[in-house]
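Engineer: Starting off with a structure, shown below.
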Amino acid sequence: MSNIKTIGVIGAGQMGRGIAQVAAQAGLDTALFDVNSEGLSAGVEFIQKQMLRGVEKKKWSDSVATEVMARIQPCQALEELKDCDLLIEAATENKQIKFQIFKDLDKIAKESAILATNTSSISITEIAAATGRPEQVVGMHFMNPVPVMKLVEGIRGLETSEAVFDTVEAVAIKMGKTFIKVQDVAGFAINRILMPMINEAVYTLYEGVATVEDIDTGMKLGCNQPMGPLELADFIGLDTCLAIMEVLHEGLGDTKYRPCPLLKKYVLAKRFGRKSGRGFYEY
């Protein structure tokens, strides 16, 4: 852990900005990269608002908020991450996009750098194969919203070294997270359980068993879940839920992972949930 001083985060969206925030709060110099200048600015602005909100709620002092923001360096050129000790990719859940990012990172990152992915379902071994350093590629699956959720799912690829895995575990703990160790199989552990539940809730709606509201109310009051599965799907993003279900279906080959046709239809209609203003609910 002592050799990890600087972290680069690729992607300033919902997950990337959260990872950058907790890294900076843990005292790590953090470079936040995004190809989209507007997205990058929005990500930094969001972090700043979160830090100011924390000051207002007396979670930390104004000086702490200032120090945290000073540790975050926005970047628009990937080459600016070349001296980072740990690079965490937090781009969209798309195989080809991730493979290209890792090919590019492999070219610019220093020889000792660890390359981590925040993928929620895609094979770490397959991502690592896009690089010339598979032993230094690892999965760090943060939960959303990152500053609030305490879990990091650690996934070791076929070639991931013990030293690298131990290092990212130590980094996660430094960020205030609990680190669980999971095998590199489709969906890992969390989404292997969570996504089929969400998919089944969509099937329950699709087949007319119950309404959106009654499905969510039933799961909250009957199963003690803080958020109903359809509301949670909207929060995660229906496009992300569909992508993960497709990885599960393809990777495990079991029909029980077949994405519900209604989920596919909503994604085709660009009803992605909160981020688009409409999913199973309107926002």
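The values are calculated or read from the model by the stated rules, or taken from the named source; none is laboratory data. The model shown is predicted, which means the values in this text are computed figures rather than measured ones. Methodologically, a virtual Cβ is constructed for each residue, glycine included, from the backbone with ideal geometry; neighbour enumeration extends over all protein chains shown.
Engineer: So, of the residues in region 91-128 that are farther than 27 Å from His249 by Cβ and acidic (Asp, Glu), which turns out to be surrounded by the fewest Cβ atoms within 10 Å (Cβ to Cβ)?
Structural biologist: Among them, the one singled out is Glu111.
Engineer: Check Phe272 against each of (1) surrounded by fewer than 20 Cβ atoms within 10 Å (Cβ to Cβ); (2) under 21 Å from the mean Cα position of the chain (by Cα); (3) modelled with pLDDT of 95 or more; (4) not acidic (Asp, Glu) and name the one condition it does not meet.
Structural biologist: (1)
Engineer: Considering Thr119, Thr160, Thr131, which residue is closer than 19 Å to Ala12 by Cβ, polar (S, T, N, Q) and without any contact (Cβ under 8 Å) to a residue 40 or more places away in the chain? Talk me through it step by step, then tell me what you get.
Structural biologist: Working: Thr160 fails: closer than 19 Å to Ala12 by Cβ; Thr131 fails: closer than 19 Å to Ala12 by Cβ.
Answer to the check: Thr119.
Engineer: Would you call Ile88 modelled with pLDDT of 95 or more, closer than 18 Å to Glu250 by Cα and buried (at least 19 other Cβ atoms within 10 Å of the Cβ)?
Structural biologist: Details: modelled with pLDDT of 95 or more: yes; closer than 18 Å to Glu250 by Cα: no; buried (at least 19 other Cβ atoms within 10 Å of the Cβ): yes.
No; evaluated as a whole, the condition is false for this residue.
Engineer: When region 197-244 is examined, which residues are found to be among the hydroxyl-bearing types (Ser, Thr, Tyr), modelled with pLDDT of 95 or more and either assigned to a helix (DSSP H, G or I) or outside the structural domain of Pro259 (by TED's automatic domain parsing) (or both)? Break it down stepwise before answering.
Structural biologist: Our first condition is that a residue be among the hydroxyl-bearing types (Ser, Thr, Tyr); within region 197-244, this holds for 203-204, 206, 211, 217, 240.
With the extra rule that they be modelled with pLDDT of 95 or more, the set shrinks to 203-204, 206, 211, 217.
Result: Tyr203, Thr204, Tyr206, Thr217.
Engineer: Could you list, in sequence order, all residues of region 37-60 that are touching a helix residue (DSSP H, G or I) at 6+ places or on another chain (Cβ under 9 Å) and under 12 Å from Cys75 (Cβ atoms)?
Structural biologist: Within region 37-60, Gly43, Val44 meet the criteria.
Engineer: Being touching a residue at least 12 places away in the same chain (Cβ under 8 Å), over 23 Å from Ile97 (Cα atoms) and surrounded by fewer than 22 Cβ atoms within 10 Å (Cβ to Cβ) is the filter here, so list the residues in region 222-257 that pass it.
Structural biologist: Passing the criteria: Leu232, Lys256, Tyr257.
Engineer: Mind telling me which of the residues Gly176, Gly132 ends up being within 20 Å of Lys98 (Cα to Cα), over 15 Å from the mean Cα position of the chain (by Cα), modelled with pLDDT of 95 or more and surrounded by fewer than 16 Cβ atoms within 10 Å (Cβ to Cβ)? Before the answer, list the steps.
Structural biologist: Values: Gly176 fails: within 20 Å of Lys98 (Cα to Cα).
Within the list Gly176, Gly132, the selection yields Gly132.
Engineer: Looking at the structure I just gave you, is Glu67 surrounded by 14 or more Cβ atoms within 10 Å (Cβ to Cβ), at pLDDT 95 or above and touching a helix residue (DSSP H, G or I) at 6+ places or on another chain (Cβ under 9 Å)? Working first, answer last.
Structural biologist: On the way: surrounded by 14 or more Cβ atoms within 10 Å (Cβ to Cβ): yes; at pLDDT 95 or above: yes; touching a helix residue (DSSP H, G or I) at 6+ places or on another chain (Cβ under 9 Å): yes.
In short, yes.
Engineer: Residue by residue through region 13-38, note down the ones that are assigned to a loop (DSSP other than H, G, I, E, B) and in contact (Cβ under 8 Å) with a residue 40 or more places away in the chain. Working first, answer last.
Structural biologist: Filtering region 13-38 down to residues assigned to a loop (DSSP other than H, G, I, E, B) leaves 13, 26-28, 34-36.
Across region 13-38, the qualifying residues are Gly13, Ala26, Gly27, Leu28, Asp34, Val35.
Engineer: Separate question: The conditions are (1) under 20 Å from Lys150 (Cα atoms); (2) surrounded by fewer than 22 Cβ atoms within 10 Å (Cβ to Cβ); (3) modelled with pLDDT under 95, and Gly187 fails exactly one of them. Which is it?
Structural biologist: Gly187 satisfies every listed condition except (2).
Engineer: Follow-up question, since we're still on this one. What's the total number of residues in region 77-90 that are assigned to a helix (DSSP H, G or I) and either of a type in the set (A, V, I, L, M) or on the phi > 0 side of the Ramachandran plot (or both)?
Structural biologist: Step one: filter region 77-90 for residues assigned to a helix (DSSP H, G or I), giving 78-81.
Checking which are either of a type in the set (A, V, I, L, M) or on the phi > 0 side of the Ramachandran plot (or both) leaves us with 78, 81.
Selection size over region 77-90: 2.
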